[in-house]
1. Look at the range 491-526 and say how many of its residues are open to solvent by 10 Å² or more (accessible area, probe 1.4 Å), out of contact with any Gly (no Cβ under 8 Å at 6 or more places or on another chain) and not in a strand (DSSP E or B).
2. Which ones in the range 483-511 are out of contact with any Phe, Trp or Tyr (no Cβ under 7 Å at 6 or more places or on another chain) and of a type in the set (Gly, Ala, Ser)?
3. Out of the residues in the range 629-658 that are part of a helix (DSSP H, G or I), in contact (Cβ under 8 Å) with a residue 24 or more places away in the chain and more than 34 Å from the chain's Cα centre (by Cα), state the one that is nearest to residue 690 (Cα to Cα).
4. Looking at (1) surrounded by fewer than 16 Cβ atoms within 10 Å (Cβ to Cβ); (2) in contact (Cβ under 8 Å) with a residue 60 or more places away in the chain; (3) part of a helix (DSSP H, G or I), which is the only condition residue 211 fails?
5. Any residue at all in the range 337-359 that's assigned to a helix (DSSP H, G or I), under 24 Å from residue 266 (Cα atoms), touching a strand residue (DSSP E or B) at 6+ places or on another chain (Cβ under 8 Å) and open to solvent by less than 10 Å² (accessible area, probe 1.4 Å)?
6. Out of the strands (runs of 3 or more DSSP E) lying entirely within the range 659-753, which hold 1 or more residues that are over 26 Å from residue 637 (Cα atoms) and touching a residue at least 24 places away in the same chain (Cβ under 8 Å)?
7. Can you tell me which residue within the range 22-58, out of those that are among the acidic types (Asp, Glu) and at pLDDT below 95, is least open to solvent (accessible area, probe 1.4 Å)?
8. Give me the pairs, please: first residue somewhere in the range 593-605 and more than 30 Å from residue 580 (Cβ to Cβ), second residue anywhere and open to solvent by less than 60 Å² (accessible area, probe 1.4 Å), beta-carbon distance under 6 Å, and either six or more positions apart or on two chains.
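The values are calculated or read from the model by the stated rules, or taken from the named source; none is laboratory data. Bear in mind that the values here come from a model prediction, so they are computed numbers and not experimental data. Cβ sites come from the backbone with ideal geometry, for glycine too, and all protein chains shown count toward neighbours. In case anyone asks, the SASA skips ligands and DNA or RNA and just uses the protein heavy atoms, side chains included. Shrake-Rupley method; radii C 1.70, N 1.55, O 1.52, S 1.80 Å.
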Amino acid sequence: MNGYSRRLFLQLSGVATVGTLIRPHSAHAEDDPFALLRRRWRDVTAGSGFDAAAEPYRTRLAELGTAAAGYRDTMAPAGASLWPDLAFPSFTATPARLRTMARAYALPGTGLTGDAGLAAAVAAGVDHYRRRVYAAGADPAGNWWNWQIGVPRKLLDAAVLIGPHLADRQSRALGDAVDHFLPECRLNDYSGTSTGANRVDLCTVTLLRAVLGSDPAKAALAVSALSPVFPYVSEGDGIYRDGSFVQHTSVPYQGGYGAVMLSGLATLLAVLHGSRWEVTDPDRQIVFDTVERSFAPFVHDGFCMDLVSGRGIGREPYGDHRRGREIASSILLLGDAASATERARWQGLVKGWALRDTCRPMLGAAERSDLGFHARLAAVLDDDAIPAADEPAGHRLLAMSARAVHRRPGWCAGLSMASHRIGHYEHGNGENLRGWHTGSGMLYWWGEGHGDQYSDSFWATVDPYRLPGTTVSTRRLADGAGEEWGDTCPPGRWVGGATDGTYATVGQHLNGFESTMEAFKSWFFLDDAVVCLGAAITGEDGVPVETVVDNRRTDAFLTVDDRAGWAHLEGHGGYVVPCARLRTLREERTGGPEPVTRSYVTLWLDHGVDPGSAGYVYLLLPGASLARTRARAADPGWARVLANTARQQGVRVPSLGITAVNFWNDGAAGGLAASAPCAVLVRERGDGTATLTVSDPRRDLDGLTVTWDRPVTEVLRGHPLLTGATTGAKLTLAFGRLSDRGGSSKTVTVRLG
C-alpha cells in the first residue's frame, strides 16, 4: 500500500496507528450477549472447525490473504468508485471485495490475521461506499433486493468481522443507512417481497444490524419476524405439506430461493444457539422436515435438478452441482440444531451425494468455495460409523408445484409441468429468456454416469423449442416472452396424478405457452420404463406441433428401426415408438456468452401444421441395452394402452399388476370407472391384496366414487376420506371432500376375491 493510501485509510477510519492491535474485550465482555453472536457469526459464516496449518486449508487461507492484500493495495477511493475497475454502484463486486478482506482479517493462517492496517482499509472502504452509494436518504433505484438484502448483508458482514476497527461514527452512519433502506416496518407484514427466502434474508440483515449496534430490540425483532416462514402454506410463497416450495407466487424453487432460505435458517439457528435470542418457535420442526420432504427429492448424486431452480438454470455450467453443494452444506449445518436421529440421517444423505458426485466432486469443490463446509464434509466422509445413504427408490409427486421425481435402481427422472397456479417458466433480470417451454411436460432423466447431462452448457446450447418430453407449437417466440418472475400460468387445472410411493400416473392438461396449442399428456412411471401418452393435440398457430421424445446432449451412436418402431442411443437407453414415424436429428449447437459447442441427438414426433386431434404413444427405457429395447418393442402386450383420448388416458402393465388411468372427465376405462375427473392407480400384489390410489389433481371435488370391476372380499386399510365401500363382484369406493387435500394421493388396501 502506498503512503498516500495508508494515510487516507487512517484518516477515514479514525484508527490512530497502523500498529494498533485488535481492541481487547472489556472486563465485562463475558456479560455482553453480542460478543457471543459476533464470535458465532465469524465461525459459522467465515469458517471454522479446521486446522489452519493443515492442507488444504493452509493453501486456501494463504490464497485468501493474497487476494485481500491485492484488494487493499489497489483500493483508491474516488467519487465514482472504490477500485478503479469497479464503477459505482457496483452492488455486488465492491461489497464482496470488502467482505473478502474482512474474512482475511478474521480467519487464521491468511498472513493478515488480526492485521490492523487491513481492518482499517475495510473500515475506510465500507464508509466510503456508504457515503457515495449506500447513504441514508439516497434513492434506492433499481432492484429493491440490492438495497435491502444484497449490499447491507455484505457491508454488515464485513463490519462485524472487523469489530472495533469500524469507528463509532462510521458504525452509526452505516446503521442509519441500513435503517433507511430496511426500516423495521418492512417486517410487520408477511406479504409481497417479504416472504419465504426473502424474509429470512431480511431477518439476517436485521440481526447483523442489531449486532453492529448492540441493539437487543432489533435482535428480538429479527427472531420474531422469522415465525411466519415456518408454518405450511396453501397458496403463494412458502413450504407446502406435500414438500413443495414456491417463491415468486408461482415458481417451484428448492434449488434457488429455497436453498437460500435453508441456508439462512441454518445460519441463524447456529448463530443464535445458546443466546438469549435462540429460535424456539415450535414450527421450526417444519423446516427440519423439509430436508427430506422438500430438498432431498430434488438432489440426485450431489446435484440439484434444474426443474426447481427457476430463472437461475442457465447462469453457469454445472450450476446444478453448485446448488447441490449449497443444499448439502446447509443440511450439515442445520444438523447441529436438529435431533441426533435427524442429524445422523442427514449426514448419511450428504455422504452418499458426495461419494456419487463424480462430475464435480463435492469435497474438492467445497475446498475452493467454503472451508467451513469442507471441514464438516471431510469429517463426515472420514467417519466410518456414518453409512452413506443410497439413492432412495420410489416416486415423489409434489402436486402443489406440478413436479414429479421418479427413482429406480440405475436411473432417475424428473418431470416439470405448468398449471393455473405454476408458471410455464420464469425469467427476470435478463435471465432465462428462452425457458418458455420448460413447463410443457419437460422430462429430464439421468442414467448411471450421466450426471452432467443438463450441466455442461446444456441451457446455452440446446434448441429451446425441443426440450425433452415437451409438446409444443413451433411458433417463434421473443426472448423473455410473457410476464417476468414466473407470471406465466396457463389456465389448465388438471395437473398432477396419483402415486403409491413406488409407481405413479401423472398427467397434464397442457395449454401451450403463448400459442393456441392444447394437449392432454400422461406419464406412467414404472420399474424400467416411462410410458408416455398424448391425446387431443390441437393447434391453430399455422405452424407444426411437435412432441420431443428426447434431446440428449451426446454424440453417441443412434440406431433406429422404423419398421419395428424403436430406437436406441448407445450408452443412454432405448425408445419404443409404435405406430408413428420417429424423426431424428444429429447436430452441433453453439451458444453462450463465451460461445461453446455441444453435440445433440434429437428424436421427435411431427404432428403436422395445425393438428385437429393428434396423439402419440411411446416408451422411454432409461439405461436399456439394444437387445432389451428390441425385445420390448417386440412385446406390445407388455404395456397395453386402455385409452388415449381427451376423456381418459390409461395403461395396464400385467407383469407389474398395474392398471392406471387419468380421468380427464368422468367415465370408464380398463375396468375402472370414476364419477369425476381424477387419477387412479391400481396395483395388484402377489399376496392376494391390491392397493387403489386416487387423487384430485384439479383440487375441486366435494366427493368422488371409483369403481373397479374386480372381485374384492374386504377392505383391509381405508383412508380418513373414505366414506363408503362396497365389496363383492366389484369394488366401489366413495370418498368425501378431496379438494382441500392439495392434490395428494389417498391409498386404500383391499383383499382380492
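1. At the first step, the residues of the range 491-526 found to be open to solvent by 10 Å² or more (accessible area, probe 1.4 Å) are 491, 493, 499-503, 509, 511-516, 518, 520.
Imposing the further condition that a residue be out of contact with any Gly (no Cβ under 8 Å at 6 or more places or on another chain) reduces the set to 491, 493, 499-500, 503.
Then drop every residue that is not not in a strand (DSSP E or B), which leaves 491, 493, 500, 503.
The total comes to 4.
2. 486, 492, 496, 497, 498, 501
3. Narrowing the range 629-658 to residues part of a helix (DSSP H, G or I): 629-633, 654-656.
Now restrict to residues that are in contact (Cβ under 8 Å) with a residue 24 or more places away in the chain: 629-630, 632-633, 656.
Next, only the ones that are more than 34 Å from the chain's Cα centre (by Cα) stay: 630, 632-633.
Values: 630: 31, 632: 26, 633: 28 Å.
In this case the residue turns out to be 632.
4. (1)
5. Applying the first criterion (assigned to a helix (DSSP H, G or I)) to the range 337-359 yields 337, 340-356.
Restricting the remaining residues to those that are under 24 Å from residue 266 (Cα atoms) gives 337, 340-355.
Within this subset, residues satisfying the condition of being touching a strand residue (DSSP E or B) at 6+ places or on another chain (Cβ under 8 Å) are 353.
Then drop every residue that is not open to solvent by less than 10 Å² (accessible area, probe 1.4 Å), which leaves 353.
So far as the range 337-359 goes, yes, one or more of its residues are assigned to a helix (DSSP H, G or I), under 24 Å from residue 266 (Cα atoms), touching a strand residue (DSSP E or B) at 6+ places or on another chain (Cβ under 8 Å) and open to solvent by less than 10 Å² (accessible area, probe 1.4 Å).
6. Details: elements: 667-669, 672-674, 678-684, 689-695, 704-708, 712-717, 722-726, 731-735, 746-752.
In the range 659-753, 689-695, 704-708, 712-717, 722-726, 731-735, 746-752 are the strands (runs of 3 or more DSSP E) which contain 1 or more residues that are over 26 Å from residue 637 (Cα atoms) and touching a residue at least 24 places away in the same chain (Cβ under 8 Å).
7. Of the range 22-58, the ones among the acidic types (Asp, Glu) are 30-32, 43, 51, 55.
Still in the list and also at pLDDT below 95: 30-32.
Working: 30: 170, 31: 113, 32: 50 Å².
The extreme case among them is 32.
8. Close Cβ pairs (under 6 Å, with a partner that is open to solvent by less than 60 Å² (accessible area, probe 1.4 Å)) amount to 596/457.
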